[in-house]
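To start, the structure itself, in structure tokens.
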Amino acid sequence: MTDGATTQAAVYVSWTTFKNALAGLALGIPNRIDKSAFPGLSGGVQAQLMAGLKFLGLIDNDGAPQATFEALAVTDETAQKAALASLLRARYKAIFALGLDGLTPAQLDDAMTASYDVTGDTREKAVRFFLSAVQYAEIPISRYLQPKPNSNGTAGRKKRSTNRIKPVGEGDAGRASTPPGEGERDGKSLTIALKSGGTLTVAASVNFLTLGREDRDFVFKLIDELNDYAKDGGEVDAAE
């Protein structure tokens, strides 16, 4: 390890899962963060999320939230981006030391392995998380790390699909494409290009602000799985 800030592997849970977890905890941070705080996620994803929170210094080894957690788990997006930018610079010092404005993908991969103990598929996930996080925090990055456009001219629709998909329910309430008289219901659809051919469309028509816990957990878990599939090579479209 060249970065003395941590001895854990870099974050490799999906950015969407991490962002949704923050959104849920912004409503009220418990005294201890443990797997039971994320009941809608599978055990494996819960473990990845917990490991990521520890790597970022958001919780200690006993799960106690730190001051950085309280600064990050907020509903004010501007404040959240500023807190995230500061946190990333502190926890990924070895990468920032290389200069993000001229970094190549190979350099980023090498730095992740050398400094943050991740290899293979785990490294790919860690790189995707890092790039999604720095772009959300509006930190400038090298043009070599920017999502490359597909043949149709649309950037970031493969591997970087988290840049195109906004989790349903974040600012979408009331923007429904529903028949007259049903303005209280929200409309959203996702279309996935399947790797073996064809497409799969999942549509929602519901007021996400009034969902019960069980339904909310199910819906956001499904969204996470769609995002994860898209990152592995499937193409995704989000339609309002």
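The values are calculated or read from the model by the stated rules, or taken from the named source; none is laboratory data. Note that the coordinates shown come from a computational prediction; the quantities given were computed from them, not determined experimentally. Here Cβ is always computed from backbone atoms with ideal geometry, including for glycine, and neighbour counts include all displayed protein chains.
The set of residues from the stretch 29-44 being of a type in the set (Lys, Arg) and either crowded, with 18+ Cβ neighbours inside 10 Å or part of a helix (DSSP H, G or I) (or both) comprises just one member, LYS35.
When LYS93 is tested against (1) modelled with pLDDT under 95; (2) touching an Asp or Glu at 6+ places or on another chain (Cβ under 7 Å); (3) within 24 Å of ILE59 (Cα to Cα), exactly one condition is not met: (1).
Among the residues in the stretch 45-60, are any among the β-branched types (Val, Ile, Thr) and in a strand (DSSP E or B)? Scanning the stretch 45-60, I find at least one residue that is among the β-branched types (Val, Ile, Thr) and in a strand (DSSP E or B), so the answer is yes. The residues listed here are ALA26, ALA10, ALA82; of these, the one that is outside the structural domain of PHE129 (by TED's automatic domain parsing), out of contact with any strand residue (DSSP E or B) (no Cβ under 8 Å at 6 or more places or on another chain) and surrounded by 15 or more Cβ atoms within 10 Å (Cβ to Cβ) is ALA10. Quick one: in the stretch 92-118, which of the residues that are β-branched (Val, Ile, Thr) and within 19 Å of GLN135 (Cα to Cα) is surrounded by the fewest Cβ atoms within 10 Å (Cβ to Cβ)? If we take residues in the stretch 92-118 being β-branched (Val, Ile, Thr) and within 19 Å of GLN135 (Cα to Cα), then THR104 is surrounded by the fewest Cβ atoms within 10 Å (Cβ to Cβ). Give the stretch 181-227 a look and list any residue that's part of a strand (DSSP E or B) and at pLDDT below 70, or say none. Across the stretch 181-227, the qualifying residues are ASP186, GLY187, LYS188, VAL206. Please count how many residues of the stretch 61-97 are touching a residue at least 12 places away in the same chain (Cβ under 8 Å), over 20 Å from TYR116 (Cβ atoms) and not in a helix (DSSP H, G or I). Matching residues across the stretch 61-97 total 7.
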